[in-house]
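Asks: Have a look at this one.
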Amino acid sequence: MSIFYRRLPKLDYVKPRQMDEALRILGENQDGRIRLYAGGTDVIPKIKERLMPVPEVLVDLKGITELNYITHNDKEGLHIGALASISQVAQASVIKEKYAMLREAALSIASTQVQNRGTIAGNICNAVPSADSAPALLCLGAKVLCVGKNGERTVDLDDFFFGPGKTALAEDELLKDISIPNLDGKGAYIKLSPRSRMDLAVVGVAAFAKVEKGAFKDIRIGLGAVAPTPIRAREAEKRLMGEPASESVISEAAALAAKEAKPIDDHRASAEYRRMMVEVLVKRAVHQAIAN
Ligand SMILES: Cc1cc2nc3c(=O)[nH]c(=O)nc-3n(C[C@H](O)[C@H](O)[C@H](O)COP(=O)(O)OP(=O)(O)OC[C@H]3O[C@@H](n4cnc5c(N)ncnc54)[C@H](O)[C@@H]3O)c2cc1C
């Protein structure tokens, strides 16, 4: 039985105002002693419920206002700062216009309250298999900028997730920026969950496609909640690339995606159901991406 602890345990709280200060604090991190937070929508309930080891120090990133931005230009594409909230991402006109699948994914997360506080960066650093933004970001070819005491490095989102709750971030690093290139094509995100709001995905499927002269010139498929990490369905993509956008080829690709999934049985759904739903939703998402 899990016990709900109503209060936060005793811990130190710091709110740096500059990146340098945050990095200096984080540079002393060892064995999860220091824990970052942005919106806190995930980490605070987890600490209260003792679902994670209680850190000695909580570092609130919200004081570093320079991390709150969404920018776009034709050369560099889209940049989302670590403090941009899920709501800001959903409402940004450039995202509505050019990266609509990311907006759909953002709007599928929890509720308005959670969207107002929570960040997209927190959603991926959390690294749960069901993170709603992840399949869309994978399809969009997102990269993340990790910054630590030894400098900066850029990591493809594809290489960022190591397993449930585990990422490529070192203990002394924070995620500063998410970048997405300019892309030619359209996408869709479909989330399956038993409740219409405030529920995690049982299956999440993103598809991004560009069809030219009736054939797939680009196709990317992202899956959530059906493997230890969010993944791309590479075999399904290979089946579609260069092929006519016909019902039969899309159906074959959807069946391949279901094979690529490695779902588990849990209290939300059986592995078998999840696998079946991958096939159904990949078909639907690819059709939607083409139609958009
Ligand atoms: C009621 C409820 C419903 C929810 N529903 C959904 C849902 O439908 N879909 C979904 O995907 N999620 C859902 N969540 C989970 C959560 O709200 C999201 O994952 C949210 O995006 C987390 O963002 P945050 O800024 O609040 O993260 P935080 O809680 O602040 O942090 C989450 C994790 O990321 C780390 N972190 C945060 N920012 C950084 C950074 N810049 N660099 C390095 N590490 C960082 C923290 O240390 C922590 O481990 C739900 C949560 C609640 C409480």
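Coordinate-derived values only; no laboratory data. Bear in mind the structure is a predicted one, so any value in this text is a computation, not a measurement. Don't worry about glycine lacking a Cβ; one is built from the backbone with ideal geometry, like all the others, and counts go over all protein chains shown.
Asks: Out of residues 5 or more away from L36 or on other chains, whose amide H comes under 5 Å of its own, with H placed 1.01 Å from N in the peptide plane?
Replies: So L36 has HN proximity to V59.
Asks: For segment 1-137, compute the number of Lys pairs whose alpha carbons are separated by less than 29 Å, excluding pairs fewer than 8 positions apart on the same chain.
Replies: Close lysine pairs found across segment 1-137: 13.
Asks: Based on the mean of other beta carbon atoms within 10 Å per residue, what is the order of 165-171, 73-79, 6-12, 35-41, most packed first? Provide the component values of the computation, followed by the final result.
Replies: On the way: 165-171: 15.7, 73-79: 13.3, 6-12: 9.0, 35-41: 21.9.
Per-residue mean Cβ counts within 10 Å order the peptides as 35-41, 165-171, 73-79, 6-12.
Asks: Kindly give the semi-axes, whole Å and largest first, of the ellipsoid equivalent to segment 47-93, taking each as the square root of 5 times a Cα gyration tensor eigenvalue.
Replies: Equivalent ellipsoid semi-axes, largest first: 30, 12, 9 Å.
Asks: Per residue of segment 190-199, in order, report the coupling 6.51 cos²θ - 1.76 cosθ + 1.60 (Karplus, θ = phi - 60°) as ³J(HN,Hα) in whole Hz, putting x for Gly and Pro.
Replies: 10, 10, 9, 8, x, 10, 6, 9, 6, 9
Asks: Let me ask you something else. Per DSSP H run of n ≥ 4, the term is -39500 (n - 2.57); total these for the chain, divide by its residue number, and report the mean residue ellipticity at 222 nm rounded to 500 deg cm²/dmol.
Replies: Mean residue ellipticity, 222 nm, calculated: -9000 deg cm²/dmol.
Asks: While we're here: Name the residues whose placed amide hydrogens come within less than 5 Å of the amide hydrogen of D172, ignoring near sequence neighbours (fewer than 5 apart) on the same chain.
Replies: none
Asks: Then there's this: Counting only complete DSSP H runs, which helices of the chain cover 24 Å or more along their long axis at the Cα atoms and score a mean Kyte-Doolittle of -1.0 or above?
Replies: What comes out of the filter, once short or polar helices are dropped, is 271-291.
Asks: Let me ask something additional. For segment 1-102, what does the alpha-carbon gyration tensor say about shape, rounded, prolate or oblate, given a ≥ b ≥ c as the root eigenvalues, a/c under 1.5 as rounded, and a/b over b/c as prolate? Numbers along the way, then the final one.
Replies: Numbers: a/c = 3.05, a/b = 1.65, b/c = 1.85.
It comes out oblate by the Cα gyration axes.
Asks: Additional query: If amide hydrogens are placed 1.01 Å from N in the peptide plane, which non-local residues have theirs closer than 5 Å to the one on V203?
Replies: Here the answer is L192, since their amide H atoms fall under 5 Å of that of V203.
Asks: Still on this model: List the trypsin sites (Lys or Arg not before Pro) within segment 80-154 that DSSP assigns to loop and that have no more than 12 neighbouring Cβ atoms inside 10 Å.
Replies: Counting only loop positions with at most 12 other Cβ atoms within 10 Å, none of the trypsin sites (Lys or Arg not before Pro) in segment 80-154 qualifies.
Asks: Continuing with this model, one more query. Could you derive backbone 3J(HN,Hα) for segment 179-189 from the dihedral phi with the Karplus parameters 6.51, -1.76 and 1.60 (θ = phi - 60°), listing whole Hz in sequence and x where the residue is Gly or Pro?
Replies: 10, 10, x, 5, 10, 10, x, 10, x, 8, 10
Asks: I've got another one for you. Work through the residues other than L137 whose Cβ is under 15 Å from its Cβ and net out their charges, Lys, Arg +1 and Asp, Glu -1.
Replies: Numbers: positive: K98, R103, K143, K191, R220, R232; negative: E104, D132, D156, D158, D159, D177.
Its environment carries a net charge of 0.
Asks: Working only with C-alpha atoms, what are the Rg and Dmax values of segment 176-292, expressed in angstrom?
Replies: Taking only Cα atoms of segment 176-292, I get Rg and Dmax of 14.2, 45 Å.
Asks: Out of all DSSP beta bridges in the chain, what portion is antiparallel? Express it as a percent rounded to 5.
Replies: 85
Asks: Per residue and in cubic angstrom, what volume does the convex hull of the Cα atoms of the chain have?
Replies: 129
Asks: Set the Förster distance to 51 Å, then compute FRET efficiency between E212 and R6 from the Cβ-Cβ distance, nearest 0.05.
Replies: Plugging the Cβ-Cβ distance into 1/(1 + (r/R0)^6) gives 0.35.
Asks: While we're on this one: Sorted by packing (mean other beta-carbon atoms within 10 Å per residue), highest first, where do 258-266, 232-240 land?
Replies: So the peptides 258-266, 232-240, ranked by packing, come out 232-240, 258-266.
Asks: Sequence gap at least 6, Cα distance under 8 Å: using those rules, report the relative contact order of the chain to the nearest whole percent.
Replies: Details: 655 pairs, mean separation 44.4, N = 292.
RCO, the chain: 15 percent.
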